[in-house]
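What follows is a single structure, written as structure tokens, with notes after it.
The values are calculated or read from the model by the stated rules, or taken from the named source; none is laboratory data. Predicted, not measured: the structure shown is a model, and the values here were computed from it. Virtual Cβ from ideal backbone geometry, glycine too; neighbours counted across all protein chains shown.
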Amino acid sequence: MFSCVTSSEDQNYSALKRACLRKKVLFEDPTFPATDDSLYYKGSPGPTVRWQAASRRSDICEDPRLFVDGISSHDLHQGQVGNCWFVAACSSLASRESLWQKVIPDWKEQEWDPEKPESYAGIFHFHFWRFGEWVDVIIDDRLPTVNNQLIYCHSNSRNEFWCALVEKAYAKLAGCYQALDGGNTADALVDFTGGVSEPIDLTEGDFAHDEAKRNQLFERILKVHSRGGLISASIKAVTAADMETRLSCGLVKGHAYAITDVRKVRLGHGLLAFFKSEKLDMIRLRNPWGEREWNGPWSDTSEEWQKVSKSEREKMGVTVQDDGEFWMTFEDLCRYFTDIIKCRLMNTSYLSIHKTWEEARLHGAWTHHEDPRLNRSGGCINHKDTFFQNPQYVFDVKKPEDEVLICIQQRPKQSTRRGGKGENLAIGFDIYKVEENRQYRMHSLQPRVASSIYINSRSVFLRTDQPEGRYVIIPTTFEPGHTGDFLLRVFTDVPSNCRELCLDEPPKTCWSSLCGYPQQVTQVHVLGAAGLKDSTGANSYVIIKCEGDKVRSAVQKGTSNPEYNVRGVFYCKKPDQPITVQIWNHRVLKDEFLGQVQLKANPDELQTLHTLHLQDRSSRQPNDLPGTVAVNVLSSTSLVAV
């Protein structure tokens with residue numbers, strides 16, 4: 001994964017460190033200097049900030065360390081910038097050794113060595129996943145302080161600096177420290193893992209009152225946690241006055257909490273508890289402030305813990321301290337919290353015992369052009385005149401039904417003094433079921449099977465189950481004319497062959513004059529059949545044929561009245577030739593022909609529904625066979641009509 005890490009600001013960590021050691025100087029980063037420009041993108045600073053190098057014994061502390069007694073979610077405390085979302089994500093990260101060692105590469109080599117002070121160069125580097133690639137961010141060790149105290153993220157131990165340095169590297173990536181004020185936990189979780197964040201609105205889903213839905217959600221969260229994913233929870237603040245308001249139960253509004261453990265906790269004591277096997281769905285959370293905890297049932301000192309054996313409590317790591325970490329039931333979490341963010345680690349390894357995913361990753365852009373055929377910034381479906389000008393991506397579901405995960409991420413905008421804080425566009429996408437053989441861009445509405453929300457978030461996610469077939473994703477900005485780059489990620493169980501549709505119609509080549517060029521386009525939609533031969537119910541499928549091209553449906557089992565709902569689109573060079581629709585019965589040794597119909601695509605009939613009797617394949621005098629087929633036909637001499 002890290003063989004293709006991209007260097008931020010074209011800085012090479014190894015080369016810079018070697019140069020500093022050779023010159024016997026500490027590194028000073030010219031791309032993120034120790035000035036107010038690295039602190040603020042607008043406004044004037046408050047107290048006088050002094051940048052101090054953590055490495056010098058005379059500065060912040062004696063005996064500086066990257067880690068003191070290892071790394072823990074208890075290390076972190078939020079500073080003066082409103083980035084509880086980032087600190088919560090760091091708390092989750094700290095609980096996953098395999099993940100934090102990716103974010104903090106070569107951590108043993110980066111650690112201070114008091115035995116060899118001459119090997120220290122004041123330079124650190126960290127890896128973040130941004131817009132489809134891992135980025136190596138290099139910083140120096142100078143940190144902003146007031147009265148010799150770190151003013152931003154800091155550790156319990158005065159001489160431990162991993163969290164402050166990670167925060168500085170992340171601030172550099174964002175443009176400045178102030179850019180971290182009021183961010184999104186989902187973004188940080190993705191940046192730490194390269195995973196996919198799925199937001200869940202607990203209020204909208206009514207999980208507090210729907211036990212079946214709540215149990216199902218807990219199982220999904222347990223699975224994400226057990227497979228190394230990161231999770232956070234928060235209580236939505238409706239107004240600015242609500243922000244960081246403490247409720248009577250001890251929880252804080254507008255505040256991101258890290259979920260650090262998910263368990264089914266066994267109740268009772270001794271062998272009786274083992275055989276009774278009564279379990280409770282429990283969640284452990286951590287407040288980034290490192291204090292102020294939940295005071296309801298199952299809080300640190302509550303009597304409910306008497307229901308759990310001492311060995312079970314020790315296994316859970318239950319402590320009676322105001323350290324910001326606490327347990328609560330999942331039912332109470334759904335009652336008091338409004339949002340959960342699950343960051344899944346998408347396993348694409350073929351050498352895994354867990355479920356693996358096939359990922360398609362495509363870079364795209366919303367671009368503006370005066371020519372409608374070249375414009376790719378058409379806005380959402382509300383803007384019907386321009387909607388189909390947006391980028392379009394086709395993919396296939398190759399199983400009878402498959403879970404599909406789709407994420408679209410816009411390129412993060414860096415905050416600057418001149419440009420202010422980078423604002424996200426409102427983005428989203430729609431998914432359409434299209435013809436099985438579509439190769440060119442959509443120009444008219446097809447059945448819409450799923451839609452994401454539209455939001456000015458860095459990324460938008462959707463999980464959907466879809467039957468076998470071909471689909472088109474249209475990612476858009478909410479308003480037309482807005483431009484920007486985006487990354488589309490599509491995850492399926494089997495390869496989806498996801499690709500961009502670039503052409504509006506078949507291209508004209510040097511062979512077109514010899515081989516002919518399409519004169520009309522015809523869309524054939526076979527809805528279903530009725531009264532097929534086989535009283536016990538046929539296992540039938542349909543084939544649509546036109547000028548050497550054909551489309552086949554899935555087998556509809558055990559029915560004489562199947563619903564195929566299959567469509568094909570054909571670009572006809574010889575419009576006078578009929579289109580053939582055949583129905584076959586699937587057999588073990590040899591499939592049985594059940595009948596066919598032939599259609600003439602008349603471009604004057606914009607859309608016509610035909611219910612036709614099946615006939616045999618005699619070319620002279622076709623005879624009727626049992627059954628009828630319902631076919632919808634749309635034809636046009638304009639090749640961009642469908």
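Worth a mention:
- Residue match in the stretch 456-464 (condition: without any contact (Cβ under 8 Å) to a residue 40 or more places away in the chain and part of a loop (DSSP other than H, G, I, E, B)): yes
- Residue within the stretch 195-203 that is assigned to a loop (DSSP other than H, G, I, E, B) and modelled with pLDDT under 90 present: no
- Test for Val631: is it of a type in the set (Val, Ile, Thr) and part of a strand (DSSP E or B): yes
Results for (1) part of a loop (DSSP other than H, G, I, E, B); (2) modelled with pLDDT under 95; (3) on the phi < 0 side of the Ramachandran plot, shown as yes or no for each residue.
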position	(1), (2), (3)
Ile138	no, no, yes
Thr145	no, yes, yes
Tyr152	yes, yes, yes
Arg158	yes, yes, yes
Cys163	no, yes, yes
Ala169	no, no, yes
Leu173	no, yes, yes
Ala179	no, yes, yes
Gly182	yes, yes, no
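- Residue pairs meeting the criteria (Cβ under 9 Å; at least 6 apart or on separate chains; first without any contact (Cβ under 8 Å) to a residue 40 or more places away in the chain, in the stretch 358-380; second in a strand (DSSP E or B) and not hydroxyl-bearing (Ser, Thr, Tyr)): Arg376/Gly364; Arg376/Ala365; Arg376/Trp366
- On the stretch given as the stretch 63-77, residues that are at pLDDT 80 or above and part of a loop (DSSP other than H, G, I, E, B) total 8.
- Helices (runs of 4 or more DSSP H) contained in the stretch 232-346 and holding at least 1 residues among the acidic types (Asp, Glu): 310-316, 330-336
- Tyr41, sole failed condition from (1) part of a loop (DSSP other than H, G, I, E, B); (2) within 30 Å of Asp339 (Cα to Cα); (3) at pLDDT 85 or above: (3)
- Any hit, the stretch 500-516, residues being in contact with a Leu (Cβ under 8 Å, 6 or more places away or on another chain) and either closer than 23 Å to Asn565 by Cα or buried (at least 19 other Cβ atoms within 10 Å of the Cβ) (or both): no
- Selection within the stretch 119-136 - more than 23 Å from Arg50 (Cβ to Cβ) and in contact with a helix residue (DSSP H, G or I) (Cβ under 8 Å, 6 or more places away or on another chain): Ser119, His125, Phe126, His127, Phe128, Trp129, Arg130, Glu133, Trp134, Val135, Asp136
- Subset of the stretch 617-642 (residues that are over 30 Å from Arg441 (Cα atoms) and in contact with a strand residue (DSSP E or B) (Cβ under 6 Å, 6 or more places away or on another chain)): Pro622, Asp624, Leu625, Gly627, Thr628
Residue by residue, here is whether (1) closer than 30 Å to Ala233 by Cβ; (2) buried (at least 17 other Cβ atoms within 10 Å of the Cβ) holds:
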| site | (1), (2) |
| --- | --- |
| Ile340 | yes, yes |
| Thr356 | yes, no |
| Arg361 | yes, no |
| His368 | no, no |
| Gly378 | no, yes |
| Phe387 | no, yes |
| Pro391 | no, yes |
| Ser415 | yes, yes |
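- Test result for Lys236, surrounded by fewer than 17 Cβ atoms within 10 Å (Cβ to Cβ) and of a type outside the set (Phe, Trp, Tyr): yes
- Selected residue (only one of Val521, Val490 is within 30 Å of Asp187 (Cα to Cα) and either touching a helix residue (DSSP H, G or I) at 6+ places or on another chain (Cβ under 6 Å) or surrounded by 14 or more Cβ atoms within 10 Å (Cβ to Cβ) (or both)): Val490
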